[in-house]
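Visitor: Structure below; questions to follow.
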Amino acid sequence: MLFERATHHLRTAASLGARRPAYAAGLRAALATMVPVIAGASLPGEAATWMSLAGFNGALNDRGGSYRTRAATMGALTLAGAIAVGLGALVHGHEVAAIVMTFVVAVVCALARVWGSAGAGIGGAVLCSYLISVAVPPDGLAEAIHRGGYAIAGGAWAMLISLVLWPLRPYRPLRLAVAACYRAVAEFADELAARTQRGDSADAWDLLAPTVAVRTAIEDARTVLATTRLGRPGETERGERLLVLHEAAEQIFVHLIALGDTIESVPDGRREPVVEVVLAATLSDLALSARRTAVAIEAERGRTEVAIRWNGTGVRTAATEPVHAPADEHYEQAARVFDRIAQFADAAAETAESLNGAHAPAVDTAALDRAALERPALGETFARILSPGSLLVRHALRLATLVAAAVWLSAALGLRRNYWITITVVIILQPYTGATTQKALQRVAGTVLGAIITAGLAAVMHDSHAMLVLIFVFVAACVALLPLNYAAYSIFLTPAFVLLAEAGANDWHLAGLRVTNTLIGGAMALVGAWLLWPTSAWRDLPGLAAAALRANRRYLALAAGAVDGDENAQREIGTARREVASAAANLEESFQRLLGEHRGPAIALKPVMTLMTYTRRFAFSIGALAVAADDRTRPPPGALRPFVDAASRVLDDLADAISTGRVPEPFPMPGEVAKSDATLAPLLTGRVERLARQLKPLHDAVDEMTTNTSDVPALAAQVSTR
């Protein structure tokens with residue numbers, strides 16, 4: 001068993017990601033690093049070191065998204081990095097103060113993971129900058145201010161490149177894949193409209209070619225979604241919206257299949273040409289909307305408006321005209337299906353319109369609670385990250401303890417270049433033991449190979465200009481290869497920074513010292529991961545997913561009570577919202593280990609991604625329901641109870657199914673969940689219908705996870721035997 005576990009870790013560490021090398025990102029990172037090196041040579045002190053470090057960190061942490069989001073992320077990184085290097089310079093030489101400050105800074109930086117991939121990236125870069133500064137002797141007290149200023153200059157240069165001179169588009173392949181789904185759906189709708197207009201068969205078998213085209217586009221996009229997610233340490237808002245758009249395209253397609261079946265079911269003697277003309281016209285409008293949605297998805301700038309002005313009303317009106325009465329009941333069913341498709345199309349249009357960072361339209365009911373959940377009050381944020389059993393808190397304490405111990409050990413033993421030890425601990429140590437082991441193997445192997453390259457260069461490299469060219473090449477190569485494999489990144493990172501930071505010392509034996517210090521840091525990280533609050537997140541994932549579903553059930557019940565005017569529910573709803581946010585954060589953290597240890601195809605991760613996304617979105621819509629009622633729209637007490645009871649049964653069943661590994665009960669028929677109530681105001685009716693729609697993707701995700709061979713309980717069982 002031990003041999004199998006070791007073999008698995010080695011195979012995983014050496015495996016290559018499905019993404020292509022990020023050549024453009026590599027070249028951009030090299031520019032962000034090397035221009036400060038050249039410019040800093042004419043400035044006093046060690047300007048080149050701090051400017052190039054900030055430039056490299058800035059380029060490495062540009063993870064895409066809207067320009068506003070990227071500017072905010074890189075700006076926060078620049079400011080926090082400047083403060084960190086200043087603090088490091090201030091406490092250098094004061095052993096007790098340095099250890100205490102290191103512990104505090106490490107805790108704060110580790111807890112930044114609560115803000116997703118952006119927070120994790122900023123936290124890691126800021127902590128590494130602090131550790132380098134605390135290890136490098138300052139030239140007087142003023143050096144602390146100088147270091148901060150140089151860090152701001154280097155970060156500003158990285159922002160200028162990333163946002164103005166050379167902006168990258170990391171989500172372009174995913175945008176194109178998702179947009180292709182909508183274009184394929186449009187072709188299918190056009191073909192169905194033409195057949196309806198001609199009176200030909202609308203059976204799915206007779207539309208085999210367009211059906212295969214849509215299914216192929218959806219599966220291709222599913223694969224791109226999964227592989228894109230594998231190449232990133234956490235989900236971004238843009239990635240989540242593209243996942244939602246993919247789900248909406250699939251739902252529209254499924255309902256179009258049902259619509260074709262409904263049209264085909266109308267008996268020949270009861271067909272109404274006028275109604276079928278309206279059917280065909282509505283399908284053509286649907287196709288046009290799908291194409292406009294595709295254009296909005298592909299647009300990289302601005303906000304492309306997509307208006308959904310069609311639904312089942314036209315078909316329903318045509319079918320109930322007196323001259324056509326009594327119309328066949330299948331036409332009414334077709335109208336209801338059109339209403340359902342219009343809801344998905346409207347949600348897709350709103351999501352596509354807001355894809356480039358624009359605010360979601362006011363009619364987007366999820367946007368109301370998104371503000372409450374994603375921008376909570378300061379007290380709510382602390383309650384969220386400091387909740388009992390939080391995976392983030394355990395990781396933060398483990399990281400802070402190990403980094404502080406590394407600072408103490410380095411000072412006690414008088415180790416040279418000890419920041420290579422502390423930085424190795426920061427980079428290798430992950431929230432989960434298995435992921436830490438994999439990162440350690442990659443880091444150590446990459447550093448050793450990189451040191452061999454550096455040693456080889458020592459025999460032939462004597463020209464400073466050639467050295468600058470080599471540093472440029474190595475920085476570009478390490479960043480370009482990062483999406484493929486972290487070991488490959490480390491191979492080229494080692495000679496780049498040995499040349500960059502140490503060539504001035506004219507001591508090529510520092511490459512060997514880096515290997516030694518990396519081995520020490522890697523050993524500390526592994527021992528800490530095994531001994532300090534070890535986490536078995538793979539086995540925990542089903543339980544965490546079930547907890548998130550049950551937290552949503554409680555949140556929904558309290559939201560309905562708040563709408564009814566229940567004062568107790570209104571007091572407790574804030575706590576329930578924090579519980580949902582904490583459960584979703586724990587589920588996301590657990591998923592990170594799954595990404596690191598997953599042995600099967602990337603596509604198998606897609607249902608887990610869907611579950612995470614719709615768990616959050618369902619919570620957003622619950623919050624929207626809670627604030628929707630006022631004196632004009634407040635319903636009679638208990639009017640929401642039928643829906644809450646039906647939705648709670650679904651959520652309970654899904655939680656139990658994912659915990660035990662059984663297949664969930666079939667999803668209720670349309671109308672069984674979103675029960676209509678004539679006393680509900682239209683606004684509340686829309687909230688309820690949105691919540692009912694979001695239950696279906698949750699059910700589909702759990703169903704896929706528990707029926708496929710790659711289901712989460714089975715995967716967790718595999719890990720438990722290693």
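Visitor: Using just the Cα positions, wrap region 33-118 in a convex hull and report its mean projected area in square nanometres, one decimal place. Please report the intermediate quantities before stating the final value.
Guide: Values: hull surface 26.2 nm².
In nm², the orientation-averaged hull projection of region 33-118 is 6.6.
Visitor: Next up: Sequence gap at least 6, Cα distance under 8 Å: using those rules, report the relative contact order of region 23-169 to the nearest whole percent. Let's see the in-between values first.
Guide: Working: 219 pairs, mean separation 52.8, N = 147.
Here the relative contact order equals 36 percent.
Visitor: Can you compute 3J(HN,Hα) from phi for each residue in region 471-479, using the Karplus curve 6.51 cos²θ - 1.76 cosθ + 1.60 with θ = phi - 60°, rounded to whole Hz and x for Gly and Pro?
Guide: Taking θ as phi minus 60°, the curve returns 4, 4, 5, 5, 5, 4, 5, 5, 5 Hz for region 471-479.
Visitor: Determine, from the Cβ-Cβ distance of Leu409 and Asp339 and an R0 of 51 Å, the FRET efficiency 1/(1 + (r/R0)^6), rounded to the nearest 0.05.
Guide: Numbers: r = 67 Å, r/R0 = 1.31.
It comes out at approximately 0.15.
Visitor: Separate question: Any chance you could run the full-extension gain for Asp652 through Ala142? It's 0.36 nm times the residue separation minus the Cα-Cα distance, nm to one decimal. Spell out each step's value before the answer.
Guide: Values: separation 510, 0.36 × 510 = 183.60 nm, distance 6.11 nm.
Gain on stretching Asp652 to Ala142: 177.5 nm.
Visitor: Would you give the gap between the C-alpha center of region 255-313 and the C-alpha center of region 545-564, rounded to a whole Å?
Guide: One Cα centre to the other: 35 Å.
Visitor: Can I ask one more? Just to be sure I understand the model, the point goes 7 Å from the Cα along the line to the Cβ. What's the resulting Glu300 to Arg198 distance in nm?
Guide: 4.1 nm
Visitor: Let me ask you something else. For region 23-169, what is the charge dipole size about the Cα centre, in debye to the nearest 20, if Lys and Arg each add +1 at the Cβ and Asp and Glu each add -1 at the Cβ? Spell out each step's value before the answer.
Guide: On the way: 7 positive and 5 negative charges, 136 e Å.
The dipole magnitude comes to about 660 debye.
Visitor: Return the FRET efficiency for the residue pair Leu79, Val527: r is the Cβ-Cβ distance, R0 is 41 Å, and the value is rounded to the nearest 0.05.
Guide: Values: r = 34 Å, r/R0 = 0.84.
That pair, Leu79 with Val527, gives E of 0.75.
Visitor: Between region 125-148 and region 69-104, what's the alpha-carbon centroid distance in Å?
Guide: Between the Cα centres of region 125-148 and region 69-104 lies a distance of 8 Å.
Visitor: Follow-up question, since we're still on this one. Say each of Leu160 and Glu332 gets a label point 7 Å from the Cα, pointing the same way as Cα to Cβ; how far apart are those two points in nm?
Guide: With each label point 7 Å from Cα toward Cβ, the separation is 6.9 nm.
Visitor: Using a cut-off of 11 Å between beta-carbons, work out the net charge of the residues near Ala290 (Lys and Arg +1, Asp and Glu -1, Ala290 not included).
Guide: 0
Visitor: What Kirkwood Rh does region 23-169 have if only Cα atoms enter the pairwise 1/r average? Answer in Å. Show your work: numbers first, answer last.
Guide: On the way: mean 1/r = 0.0660 Å⁻¹.
After inverting the pairwise mean of 1/r, the radius is 15.2 Å.
Throughout, read-outs are computed from the coordinates displayed, never taken from laboratory work. The model shown is predicted, which means the values in this text are computed figures rather than measured ones. Glycine gets a Cβ as well: all are built from the backbone with ideal geometry, and neighbour counts include every protein chain shown.
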